[in-house]
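S.K.: Got a structure for you, written out below as structure tokens; questions coming shortly.
The values are calculated or read from the model by the stated rules, or taken from the named source; none is laboratory data. No experiment lies behind these values; they were computed from the predicted model shown. Cβ placement follows ideal geometry from the backbone for every residue including glycine, while neighbour counts extend to all protein chains displayed.
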Number of protein chains: 2
Amino acid sequence: MIPERQFLNRLRLAKQAKNAKVALGTGDDCAVLRIPAGHETLITTDFSLEGVHFRRDWQSPECIGHRCLARGLSDIAAMGGNPIAAFLSLALPAALPRKWVDRFLSGLLRLSRSHGVELAGGDTAESPGGVLADIMVVGSVKRARALLRSGARVGDFIYVTGELGESAAALHMLAAGKIKKRDVFPNPKIAVGEWLVRNRIANSAIDISDGLSTDLSHICEESSVGAAIDADGVPIHSSARRLSYPTCSDLPIELALHGGEDYELLFTAPKSKPISRIIAGVRVTKIGEILREKKIFLAENGKRILLEPHGWEHFQSRRPSPNRK
Amino acid sequence: MIPERQFLNRLRLAKQAKNAKVALGTGDDCAVLRIPAGHETLITTDFSLEGVHFRRDWQSPECIGHRCLARGLSDIAAMGGNPIAAFLSLALPAALPRKWVDRFLSGLLRLSRSHGVELAGGDTAESPGGVLADIMVVGSVKRARALLRSGARVGDFIYVTGELGESAAALHMLAAGKIKKRDVFPNPKIAVGEWLVRNRIANSAIDISDGLSTDLSHICEESSVGAAIDADGVPIHSSARRLSYPTCSDLPIELALHGGEDYELLFTAPKSKPISRIIAGVRVTKIGEILREKKIFLAENGKRILLEPHGWEHFQSRRPSPNRK
């Protein structure tokens, strides 16, 4: 038996502090949302599957719940939107301890509360194998103002928020058996995305979910441009920086360039627009420039090499490559 | 390797006949939808998991794809809404033939086209076990006009659309080994729901996804009322009616009362409102009345017995009971 009733009770509890934009919760066949006048609706959906996106022996249930929602919130941030409601489809193995579900939901709900997002519905089922979660997040953005991947212009500077490589560093240590567990709680950059929309700063944006090299390639592809990244400019998280071995001194920058799930924002803006080093309390770093030539280069030690996208595809097969190609 | 690229290509193809309400498709981090002014957004999400909601050896891929979307569309119909877009999260086992996926999507897309619904996004992953689909459907309804479960009033007549028991009859035959395969393609009653909203006829509504007895109990619970159903009035599908064995003459009505996944609508309306026998081309049958006493009765052969909800919970454990309790 899956603890469907408990889950639904928790959904109801989560709705007590009701968001005025959510008119109805899980009692009816659909949730009813009110999108502010003059706004468009943003919708994103992301799987979190045991064995593919997470392992129960590597992360706490709270962390897995947090990251499940973070993936969706980060997509809303990438479009410059304001998140309104989340919907969770959750299939659980019959033998899963109820405590695990409680802790998973507690991690998810803590993040949703911190962003004023209501858990407004979902579905539950018994899983034929492993914990299966699918999160859907709905947000809104002023009409025609959403940040797109396709807006980058030749000459734009390229910026990232925060620091990169923390999730990849944890995964590297776990996969190598050097640590047993490691929780990383990335915080989606909602306020930065909203600031960029409000101030009409960015020409394009994406969140770094698959790794900088892969996500930048999406911007370049959708905008029909190329890019040059300055390796020294890439902000590397301290936990990745610590992994510099004498035998593989490239590892920190590899993790920062190709590691996924940092949920920072990557955006481009015209050179003429002044970008503060701190936006909405978050560090912002210039890391490169958009080029006409449709290739992505990495400038390092005075040399320019091609930067191939080597980002996240699946949890199981993800191996940071020791050498860039 | 999952055929993610092929799936996304198909998503893109599906978007060529672009719905004006969907501003962007799968190229960005979120889909952007335009909800008509003065309307609220309806959202529903439903799992279709192999071994829980369907079996690949019992139904064609087209039928499984059709039913995956039908579940979500039917929730929009139950609220009287107009469906706008669907989002499909699909996890596929590595060994699944590509042809299966093509046929699954073809069944899903045929239904979506027939309702003018765009497949506007989704997620893909490799499944750790079995085909895992999660469908999300977004619709709209005029502000404050959505049909709710909580609106039934004492004295309302109770109506159902179409005929009941077809899906349950197929499942009964499959489970008994009397047939090897059976496709049932239920058509969500979108136009009936919209008609009820437009004409302000219904006090409450729900779709029959878990079985009449269970779905009626949801209306009664949310509306704090009871109900009496006339057994002779319940419209039974011919394929259920054919399953009347001398040893179990109750089977047809059992399947109609407790079988799920018919995706017909159950609604209540004041006695004073005339209800046509055909709404939007669909047969509508009066089957009972809402009571003050918070119980559900079945009137049969001049007797009144308690009707307990015995609807669908999970595919695996679903067995039409030979005797009502």
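S.K.: For the stretch A:195-215, what are the residues that are in a helix (DSSP H, G or I) and within 14 Å of chain B (Cβ to nearest Cβ)?
M.R.: A:196, A:197, A:214, A:215, listed by residue number.
S.K.: It is to be established whether one or more residues within the stretch A:260-270 are outside any strand (DSSP E or B), surrounded by fewer than 21 Cβ atoms within 10 Å (Cβ to Cβ) and either of a type in the set (Gly, Ala, Ser) or not assigned by TED's automatic domain parsing to the domain that holds residue A:165 (or both).
M.R.: The answer is no, given that none of the residues of the stretch A:260-270 is outside any strand (DSSP E or B), surrounded by fewer than 21 Cβ atoms within 10 Å (Cβ to Cβ) and either of a type in the set (Gly, Ala, Ser) or not assigned by TED's automatic domain parsing to the domain that holds residue A:165 (or both).
S.K.: Separate question: Within the stretch B:280-287, can one find any residue that is surrounded by fewer than 12 Cβ atoms within 10 Å (Cβ to Cβ) and at pLDDT 95 or above?
M.R.: yes
S.K.: Give the number of residues within the stretch A:256-288 that are closer than 16 Å to residue A:233 by Cα and among the charged types (D, E, K, R).
M.R.: Number of matching residues: 4.
S.K.: I've got another one for you. Looking at residue B:137, is it away from chain A (no Cβ under 14 Å), buried (at least 24 other Cβ atoms within 10 Å of the Cβ), touching a residue at least 40 places away in the same chain (Cβ under 8 Å) and part of a strand (DSSP E or B)?
M.R.: For residue B:137, the condition - away from chain A (no Cβ under 14 Å), buried (at least 24 other Cβ atoms within 10 Å of the Cβ), touching a residue at least 40 places away in the same chain (Cβ under 8 Å) and part of a strand (DSSP E or B) - is not met.
S.K.: If you check residue A:237 against the conditions, is it buried (at least 19 other Cβ atoms within 10 Å of the Cβ) and either within 15 Å of residue A:163 (Cβ to Cβ) or polar (S, T, N, Q) (or both)?
M.R.: For residue A:237, the condition - buried (at least 19 other Cβ atoms within 10 Å of the Cβ) and either within 15 Å of residue A:163 (Cβ to Cβ) or polar (S, T, N, Q) (or both) - is met.
S.K.: For residue B:147, all conditions in the list (1) part of a loop (DSSP other than H, G, I, E, B); (2) at the interface with another protein chain (Cβ under 8 Å from one of its Cβ atoms); (3) crowded, with 23+ Cβ neighbours inside 10 Å hold save one; what is the number of the exception?
M.R.: (2)
S.K.: If residue A:226 satisfies all but one of (1) within 26 Å of residue A:295 (Cα to Cα); (2) touching a Ser or Thr at 6+ places or on another chain (Cβ under 8 Å), what's the number of the condition it fails?
M.R.: Tallying (1) within 26 Å of residue A:295 (Cα to Cα); (2) touching a Ser or Thr at 6+ places or on another chain (Cβ under 8 Å), residue A:226 fails exactly one: (2).
S.K.: Exactly one of these conditions fails for residue B:174: (1) without any contact (Cβ under 8 Å) to a residue 60 or more places away in the chain; (2) part of a helix (DSSP H, G or I). Give me its number.
M.R.: The number of the failed condition is (1).
S.K.: Would you point out the residue of the stretch A:89-102, among those that are more than 8 Å from chain B (Cβ to nearest Cβ) and touching a Gly at 6+ places or on another chain (Cβ under 7 Å), that is farthest from residue A:151 (Cα to Cα)?
M.R.: By that ranking, first place goes to A:93.
Here's the yes/no breakdown for (1) surrounded by fewer than 24 Cβ atoms within 10 Å (Cβ to Cβ); (2) not assigned by TED's automatic domain parsing to the domain that holds residue A:68:
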site: A:111; (1), (2): yes, no
site: A:126; (1), (2): yes, no
site: A:129; (1), (2): yes, no
site: A:156; (1), (2): no, yes
site: A:175; (1), (2): yes, yes
site: A:186; (1), (2): yes, yes
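S.K.: Hey, could you check the stretch A:48-60 for residues that are over 18 Å from the mean Cα position of the chain (by Cα) and over 14 Å from residue A:170 (Cβ atoms) and say which is surrounded by the fewest Cβ atoms within 10 Å (Cβ to Cβ)?
M.R.: Among those that are over 18 Å from the mean Cα position of the chain (by Cα) and over 14 Å from residue A:170 (Cβ atoms), it is A:56.
S.K.: Same structure again: Would you check which residues across the stretch A:235-259 are part of a helix (DSSP H, G or I) and of a type in the set (Ser, Thr, Tyr) and list them?
M.R.: Matches in the stretch A:235-259: A:238, A:239.
S.K.: Give the residues of the stretch B:117-134 that are at the interface with another protein chain (Cβ under 7 Å from one of its Cβ atoms) and either over 17 Å from residue B:47 (Cβ atoms) or part of a strand (DSSP E or B) (or both), sorted by residue number.
M.R.: Scanning the stretch B:117-134 gives B:121, B:122, B:123, B:125, B:126, B:132, B:134.
S.K.: If we keep just the residues of the stretch A:188-216 that are buried (at least 20 other Cβ atoms within 10 Å of the Cβ) and polar (S, T, N, Q), which is farthest from residue A:254 (Cα to Cα)?
M.R.: Among those that are buried (at least 20 other Cβ atoms within 10 Å of the Cβ) and polar (S, T, N, Q), it is A:203.
S.K.: A further question follows. Out of all the residues in the stretch B:49-88, which are farther than 29 Å from residue A:32 by Cβ, within 11 Å of chain A (Cβ to nearest Cβ) and out of contact with any Phe, Trp or Tyr (no Cβ under 8 Å at 6 or more places or on another chain)?
M.R.: B:50
S.K.: I need a count of the residues in the stretch A:150-174 that are among the aliphatic types (A, V, I, L, M) and within 14 Å of chain B (Cβ to nearest Cβ).
M.R.: Counting residues in the stretch A:150-174 that are among the aliphatic types (A, V, I, L, M) and within 14 Å of chain B (Cβ to nearest Cβ) gives 1.
S.K.: Looking at the stretch B:33-78, which of its residues are among the polar types (S, T, N, Q) and within 21 Å of residue A:46 (Cβ to Cβ)?
M.R.: The answer is B:41, B:44, B:45, B:48.
S.K.: Right, next: Does residue B:232 qualify as being loosely packed, with under 14 Cβ neighbours inside 10 Å, in the same structural domain as residue B:286 (by TED's automatic domain parsing) and not in a loop (DSSP other than H, G, I, E, B)?
M.R.: Yes.
S.K.: From the list B:191, B:227, exactly one residue is of a type in the set (Gly, Ala, Ser), closer than 28 Å to residue B:301 by Cα, not in a loop (DSSP other than H, G, I, E, B) and not assigned by TED's automatic domain parsing to the domain that holds residue B:39. Which is it?
M.R.: So the residue among B:191, B:227 that is of a type in the set (Gly, Ala, Ser), closer than 28 Å to residue B:301 by Cα, not in a loop (DSSP other than H, G, I, E, B) and not assigned by TED's automatic domain parsing to the domain that holds residue B:39 is B:227.
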